[in-house]
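Structure first, then comments.
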Amino acid sequence: TSVGLALDDGTAHSARLRAVLPEENLLTRTRVARFVPTFGDTVIPPATGQTVTVHVPAGPRREALSVHKDAVIKRGEQDLVYVVVDGAAKLRPVRLGEAVGARFEVLEGLAEGDQVVTRGNERLRPDDPVRVDTAQ
């Protein structure tokens, strides 16, 4: 099994799973896993005992539409986002799936390319004019 890893210098590499030790920590319910890294070009040479970030997939890779968590407004049990349509804010219900980092999977309610409001959306009202910030 191969996984991605990242060094503090921002470079990306890969590693192969070598072993999972059989002893489990009963308090944390974790086990030690050992990897064999394959380093490509780095900005700073790797050091013995250096900490790396290992990207372990939680499931099979799949394509998903997602929205930033800051775009989502909770009203009771309903999840809503403001979509920008012709320079105006339009409130739209969405059905969300799994959280991945700072984003939520969108199961229903948005389409690829929809622009959503992520800042100031708590104070918006439907049909308020909005300005799209393209400097990102």
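The values are calculated or read from the model by the stated rules, or taken from the named source; none is laboratory data. Nothing here was measured: the structure is a model prediction, and the numbers come from that model. Glycine gets a Cβ as well: all are built from the backbone with ideal geometry, and neighbour counts include every protein chain shown. Heavy atoms of the whole protein, side chains included, go into the accessibility calculation; ligands, DNA and RNA do not. Shrake-Rupley method; radii C 1.70, N 1.55, O 1.52, S 1.80 Å.
Structure values in brief
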{"item": "Listed candidates (1) 15.7, 57; (2) 14.3, 42; (3) 21.0, 59 - label of the one calculated as Rg and Dmax of the Cα atoms in Å", "result": "(3)"}
{"item": "GNM result for the chain, Cα springs below 10 Å: residue of ASP41, ASP114, ASP86 fluctuating most strongly", "result": "ASP41"}
{"item": "FRET efficiency estimate (nearest 0.05) - Cβ-Cβ, GLU108 to LEU17, R0 25 angstrom", "result": "0.10"}
{"item": "Accessible-area composition of the chain, carbon plus sulfur, in percent [1.4 Å probe]", "result": "50"}
{"item": "Dipole in debye (nearest 20) - the chain, about Cα centre, beta carbon charges: Lys, Arg +1; Asp, Glu -1", "result": "340"}
{"item": "The chain: relative contact order in percent, alpha carbon pairs under 8 Å with at least 6 residues between", "result": "19"}
{"item": "Inter-part distance where segment 5-21 and segment 111-136 are each reduced to a Cα centre, Å", "result": "38"}
{"item": "Inter-site label distance for VAL54 and VAL85 at 7 Å from Cα along Cβ, in nm", "result": "4.8"}
{"item": "Solvent exposure of the chain as accessible area per residue, Å², 1.4 Å probe", "result": "76"}
{"item": "Potential lengthening between ARG34 and VAL3 on full extension [0.36 nm per residue; Cα-Cα distance subtracted]", "result": "10.0 nm"}
{"item": "Gain upon complete extension [ARG131, LYS69; 0.36 nm per residue less C-alpha separation]", "result": "20.4 nm"}
